[in-house]
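Everything below concerns the one structure shown next.
The values are calculated or read from the model by the stated rules, or taken from the named source; none is laboratory data. All of these numbers come straight from a predicted model, not from anything done at the bench. In this analysis, Cβ positions are derived from the backbone assuming ideal geometry, glycine residues included, and neighbour counts consider all displayed protein chains.
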Amino acid sequence: MLVLSITAAIFLIVAGILAYVLVKYRSRASNGEGEQEPPQIYGSNQIELSWTVIPILIVVMLFLATTRVVYTTERAQRPANALDVTVIGHQFWWEYRYPELGVVTANELHVPVSDHPQTLPTYLTMSSADTDHSFWVPRLAGKMDLIPNKVNTMWIDPQMKGLYLGQCAQYCGVQHAKMLIRVYADSPEEFAAWVEHQRQPAVDDPAVAEGRNVFMHNACISCHTIRGTVATGRFGPDLTHVGGRETIASGSVPNNPANLREFIDNPANFKPGALMPPMHLDTHDLDAVTAYLTTLK
Amino acid sequence: MTCLIIAEIAIFVIFVVAYIFYIGKSLSGPMPKDVLELPIFTTICLLSSSLTVHAAVSALQKGKQLLCSLWLAATVFLGGIFIAGTAHEWYDLIYKHGLTIRTNLFGTTFYSLVGLHATHVVIGLILLSLALLFSMRGEMKEEHSEKLEVLSLYWHFVDGVWVIVFLVVYVLGR
Amino acid sequence: MATQIPVNELHDQGAQAPRRLWLEMLHGWVTTVDHKKIGLMYIGYALIFLVVGGFEALLMRIQLAIPNNHFVSPEVFNGLFTMHGTTMVFFVGMPILFGFGNYLIPLMIGARDMAFPRLNAFSFWISAFAGFLLYFSYIGGSGLYGAGSAPDVGWFAYAPLTARVFSPGHSTDYWTLALLLTGIGSIGTALNIVTTIICMRCPGMKMSRLPLLPWIYLVMSGLTFVAIGPLTAAQIMLMLDRYVGSHFFDTQAGGSAVLWMHFFWIFGHPEVYILVLPAFAFANEIIPVFSRKAIFGYPAMVAASVGIGFISLSVWAHHMFTVGLGPGGNTFFVLATMIISVPTGIKIFNWLATLWGGKIQFTASMMFAIGFLFQFLVAGLTGIMLSVAPFDWQLGNSYFVVAHFHYVLVGAILFMVFSAFYYWYPKMTGRMLNEKLGKWHFWLFVIGFHLTFDLMHVPGMLGMPRRIYTYEADRGWMIWNLLISSGAIIQTVATILFVYNMVSSYFKGPIAGSDPWDAWTLEWSIPSPPPSYNFAEIPIVGSRRPLWDLKHPDDPDTDYEMGQADPQEKQEEGA
């Protein structure tokens, strides 16, 4: 805010001078011919000095203010009760792991709300599995890059319950645009319930055994994990509780059977360039797999 | 020439920085301390060639063409020993120790930095040989001394870079 | 105070020479080593790429005008912004500025050609070849993989996206090679400029009498040596990675992606100043002439330019506030970035002081220069805002940044380039540009520019990152993007007007004469267009503004420099 007001003030002053000069000193003769040349002025050391020193003072002030903010943000004391989440960027989706809670999920990050009597910030430890990404939820915090072979950290403390939208802010490949972030700030009770639910292995509903069978006998299992089954791939999102998410394809479309079916059939329908190949299942298998995944609440 | 050298220095600085940055970051062997030996002899050759080229220039300035050719020949000879030394070193590394540019980060940075320098040595040698050819045919006169001086400036630069490379690769990096 | 400048009365030879076969003319242009012809070829080549790059921008704006648009595919869009950025920086910005430099510097310092004419031609052709190579990727980019494609790694091509694994095919190789070659060309030209300015000034032109344009080109060329080197080195490393299998930026083998960022921005930020310094140079020549006053604070201007040159080498990591440098690193680059605003501010104040008390003539050239002043002020201020690291955590890599640097590149540099065209076109062709069309061009361009780039700050603040080929309808970005895109169309119309003006004035414009603006530097002492030998007799100068002295023998500049024990005292008297 300080920065904004200083720059605004500088803008007003300088633009004001510019406008004044343009009006006051415009050439009045219609043709410049018969006019006398104005007096020639070559410069003045005092004036030069003044408009060197004043900006330097402003810069020093801004610098000190900035330094303070940078240090308080990056060297903030970490409260003991803070939640740890590991964020791993993939082309083109987000993997979230809660190491202390044993939860793994994708694309939709759940964190407890951190309202004032009881601050509960979430510390994000970030890295990337492939190219550079950047985690940016504008209403929660500034952005932080996810870089392979480098671990970065940042923290967020949403003050209000609700959904916060964001997206990848570092160009990472073809589908950079549809690498969306959804952060849900839950009340402590809701969050505890969510964690409890996420820790369960996948639902095993006999009604969709056929779809389960199709899933386990196709290439799906080499990239996706469904805990409690033979599917233990790490290349794509964990699908143990995929049915409970509100969106699929990294936040690009709502999670409903029709969208899910279309996505499995050919991910390029929603996300051209997504790394998941079209599965080429026949209609019957496609329906069965869709039904199976829908039950994985 | 000075400008060109400034630009070249910028390029070398980047490669040197990359080398220093990656010291000890290789994920697998061979490591520099296992395979590198101090190339003391070739270093002495290269550094002394700086003196000989300087002698060649001052000889030409005094109009002693024969002396100039002699000093130039010495320079080319010393530079040739250096290049041969580097070639021998690389041969050992590749065939005895199995270190190539693909092997690990050390290989990557080592070959690119030393190779970049060796390329400059080769360019310098070609130019010096040309000068030698001209001076042996008696076509190099006193008035060309300025051009030879520019060439010697380049050669001094190449030598200077070697001092840095030597320190970084063989002393610091080991 | 013997001030002698022979104003040549030579008539234009080109008009009277018999018409030659076009093949001979082509041969003449291709084999020329004349700095003026090379300069014009640089400019022409840059203008072609300006149109191409502008067209790419237009396609992108059409795609982004409405959410979830399917005008182009994501692959094509990613290629478009990569090519747009690369083209505009390396194949428009650099050549157009080198072109003007090539053309003007020998004329302004009273030399007959550049120091190394052959090197000059070599630099031009290697840069031209690089541009061709870059666009050849549209045909040959994917090699055996199928149809061609453009490189799609972004103009700063962050590792490891450029690794073989993530960018198969050859399009990225074309990109790397093109940058490598144009870098060699730039170093060659910069070398030439430095040598020319240092060694070939006409008698009497001490460094303290050098016009500001060559002065700033000197700084800019020095910067080029230091900045292009890292780029070249980094490109060599990338080539080695892609072809030989080395591991500089291979994160799987312990390589570092951050290292590429450092290398690229060590080049990348000075590059911005390499581009903007010539714009300052043009302003330093044009603003005084149309204010009818000498530049205010010549020594301060020189000092500020040199200062910018040095400081710009230590600000690169302000592009990297979000990669986790740690608070120490971040604050250092915050400080460096803020400090650079001081010399820049000095320049703005000096220009204002030059205007102050003058008699300002609103020619098309001057209007563009004033547009430049205003927009550069805004760009500088948003730059200060972005230099504040916490601000940058929020706004970096968003459309706010896109708006900021387009304010610099378009609002400042392109405006000043247009201004330079209106100012020096008469010298280059011998004919005036149409002033009326010029003013239309100015107003349309200003409106389009502000519509596009003022509003572009807003979606950035609303959270729209750059380089996305589409966005969701529910984010509230649509109305802004629609307006931004409509501004782009107005700018296109204005640019078409400008091109039309250039072409039609070449044939029908009023004859300019040697000095249409009543200006003061040496290039105006010779006919327009200048003969191939420039000066029939090498001039001898006695002050910073030789033609002023000639036109105003009663009040010569020389009074303020010589014949005074302490020139500064006299300057203060003048103020």
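The residues in the stretch C:162-202 that are part of a helix (DSSP H, G or I) and within 13 Å of chain B (Cβ to nearest Cβ) can be counted, and the count is 18. The sole residue among B:V158, B:V114 that is within 15 Å of B:T42 (Cβ to Cβ), in a helix (DSSP H, G or I) and touching a helix residue (DSSP H, G or I) at 6+ places or on another chain (Cβ under 6 Å) is B:V158.
The set of residues from the stretch C:447-478 being within 14 Å of chain A (Cβ to nearest Cβ), aliphatic (A, V, I, L, M) and either assigned to a helix (DSSP H, G or I) or touching a residue at least 60 places away in the same chain (Cβ under 8 Å) (or both) comprises C:V458, C:M461, C:M464, C:A473.
Output the number of residues of the stretch C:230-247 satisfying the condition of being over 15 Å from C:S167 (Cβ atoms) and at pLDDT 80 or above. Selection size over the stretch C:230-247: 8.
Quick one: is C:N434 of a type in the set (S, T, N, Q) and surrounded by fewer than 24 Cβ atoms within 10 Å (Cβ to Cβ)?
Values: of a type in the set (S, T, N, Q): yes; surrounded by fewer than 24 Cβ atoms within 10 Å (Cβ to Cβ): yes.
The answer is yes for C:N434.
Looking for something charged (D, E, K, R), touching a Ser or Thr at 6+ places or on another chain (Cβ under 6 Å) and assigned to a helix (DSSP H, G or I) - is there at least one such residue anywhere in the stretch A:269-287? No, the stretch A:269-287 contains no residue that is charged (D, E, K, R), touching a Ser or Thr at 6+ places or on another chain (Cβ under 6 Å) and assigned to a helix (DSSP H, G or I). Give the residue, chosen from B:L99, B:L116, B:L105, that is more than 21 Å from B:I164 (Cα to Cα) and within 14 Å of another protein chain (Cβ to nearest Cβ). Of the residues listed, the single one that is more than 21 Å from B:I164 (Cα to Cα) and within 14 Å of another protein chain (Cβ to nearest Cβ) is B:L99.
Go over the candidates C:L181, C:L210 one by one and state the one that is under 25 Å from C:W260 (Cα atoms), more than 18 Å from the chain's Cα centre (by Cα) and of a type outside the set (K, R).
Values: C:L210 fails: under 25 Å from C:W260 (Cα atoms).
Criteria check complete, one pass: C:L181.
Residue count for the stretch B:90-107 under the criterion of being within 15 Å of C:S246 (Cβ to Cβ) and modelled with pLDDT under 75: the result is 4.
Reported count of residues in the stretch A:262-297, each being within 26 Å of the chain's Cα centre (by Cα) and under 13 Å from A:A219 (Cα atoms), is 3.
Within the stretch B:76-123, the set of residues being over 12 Å from the mean Cα position of the chain (by Cα) and under 17 Å from B:S50 (Cβ atoms) comprises just one member, B:F77. Scanning the stretch B:99-108 for any residue that is crowded, with 21+ Cβ neighbours inside 10 Å and out of contact with any helix residue (DSSP H, G or I) (no Cβ under 8 Å at 6 or more places or on another chain) turns up at least one such residue.
Residues are listed down the side, and each one gets a yes or a no for (1) of a type in the set (A, V, I, L, M); (2) farther than 25 Å from A:P278 by Cβ; (3) modelled with pLDDT under 90; (4) in contact with a Phe, Trp or Tyr (Cβ under 7 Å, 6 or more places away or on another chain):
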| site | (1), (2), (3), (4) |
| --- | --- |
| A:L163 | yes, yes, no, yes |
| A:A177 | yes, no, yes, yes |
| A:R199 | no, yes, yes, no |
| A:G211 | no, no, yes, yes |
| A:C220 | no, no, yes, no |
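Checked against the criteria, A:V151 does not count as touching a Gly at 6+ places or on another chain (Cβ under 6 Å) and not assigned by TED's automatic domain parsing to the domain that holds A:I226.
Just checking, does the stretch A:111-123 include any residue being within 12 Å of chain C (Cβ to nearest Cβ), under 28 Å from C:W260 (Cα atoms) and outside any loop (DSSP other than H, G, I, E, B)? No, the stretch A:111-123 has no match at all. Beta carbons closer than 7 Å, at least 6 apart along the sequence or on distinct chains, pair a first residue in the stretch A:169-183 that is more than 9 Å from chain C (Cβ to nearest Cβ) with a second that is of a type in the set (A, V, I, L, M) and not in a strand (DSSP E or B) for A:I181/A:V137; A:V183/A:V137; A:V183/A:L140. The selection criterion, being more than 9 Å from every other protein chain (Cβ to nearest Cβ), farther than 24 Å from C:G154 by Cα and either touching a Gly at 6+ places or on another chain (Cβ under 7 Å) or among the hydroxyl-bearing types (S, T, Y) (or both), holds for C:Q375. When each of B:L36, B:L46 is tested for being away from every other protein chain (no Cβ under 14 Å), crowded, with 16+ Cβ neighbours inside 10 Å and either out of contact with any Gly (no Cβ under 9 Å at 6 or more places or on another chain) or at pLDDT below 80 (or both), the lone residue that passes is B:L36. Number of residues in the stretch C:177-189 that are in contact (Cβ under 8 Å) with a residue 60 or more places away in the chain, within 25 Å of C:P160 (Cα to Cα) and either of a type in the set (G, A, S) or surrounded by 23 or more Cβ atoms within 10 Å (Cβ to Cβ) (or both) equals 3.
Of the residues C:L395, C:L381, the single one that is at the interface with chain A (Cβ under 8 Å from one of its Cβ atoms) and either out of contact with any strand residue (DSSP E or B) (no Cβ under 7 Å at 6 or more places or on another chain) or farther than 30 Å from C:K36 by Cβ (or both) is C:L381.
Please work out if C:G110 is touching a strand residue (DSSP E or B) at 6+ places or on another chain (Cβ under 9 Å) and either crowded, with 24+ Cβ neighbours inside 10 Å or away from chain A (no Cβ under 14 Å) (or both). It would help to see each step written out before you state the result.
On the way: touching a strand residue (DSSP E or B) at 6+ places or on another chain (Cβ under 9 Å): yes; either crowded, with 24+ Cβ neighbours inside 10 Å or away from chain A (no Cβ under 14 Å) (or both): yes.
The answer is yes for C:G110.
Looking at the structure I just gave you, is C:A317 in contact with a Leu (Cβ under 8 Å, 6 or more places away or on another chain), aliphatic (A, V, I, L, M) and within 30 Å of C:A163 (Cα to Cα)? Can you show your working first?
Numbers: in contact with a Leu (Cβ under 8 Å, 6 or more places away or on another chain): yes; aliphatic (A, V, I, L, M): yes; within 30 Å of C:A163 (Cα to Cα): yes.
Considered against the rule, which asks whether it is in contact with a Leu (Cβ under 8 Å, 6 or more places away or on another chain), aliphatic (A, V, I, L, M) and within 30 Å of C:A163 (Cα to Cα), C:A317 comes out as yes.
Let's see how each residue does on (1) hydrophobic (A, V, I, L, M, F, W, C); (2) surrounded by fewer than 19 Cβ atoms within 10 Å (Cβ to Cβ); (3) not in a helix (DSSP H, G or I):
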position	(1), (2), (3)
B:L51	yes, yes, no
B:W71	yes, no, no
B:A74	yes, yes, no
B:Y91	no, yes, no
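Are any residues in the stretch A:84-103 within 18 Å of the chain's Cα centre (by Cα) and either more than 25 Å from C:F321 (Cα to Cα) or within 14 Å of chain C (Cβ to nearest Cβ) (or both), and if so, which ones?
Selection gives A:V87, A:I88, A:G89, A:H90, A:Q91, A:F92, A:R97, A:Y98.
Among the conditions (1) surrounded by fewer than 17 Cβ atoms within 10 Å (Cβ to Cβ); (2) within 14 Å of chain C (Cβ to nearest Cβ); (3) part of a loop (DSSP other than H, G, I, E, B), the only one that A:K150 does not satisfy is (1). Would you confirm, using the coordinates I've provided, whether C:G309 is within 11 Å of chain A (Cβ to nearest Cβ) and not aliphatic (A, V, I, L, M)? Answer is no for this residue.
Restricting attention to the stretch A:176-186, does a residue exist that is under 28 Å from the mean Cα position of the chain (by Cα), farther than 30 Å from C:P67 by Cβ, buried (at least 22 other Cβ atoms within 10 Å of the Cβ) and among the aliphatic types (A, V, I, L, M)?
No, the stretch A:176-186 has no match at all.
Among what's in the stretch C:492-524 and is touching a Ser or Thr at 6+ places or on another chain (Cβ under 7 Å) and crowded, with 16+ Cβ neighbours inside 10 Å, pick the residue that is farthest from C:R201 (Cα to Cα). Among residues in the stretch C:492-524 that are touching a Ser or Thr at 6+ places or on another chain (Cβ under 7 Å) and crowded, with 16+ Cβ neighbours inside 10 Å, the one farthest from C:R201 (Cα to Cα) is C:A512.
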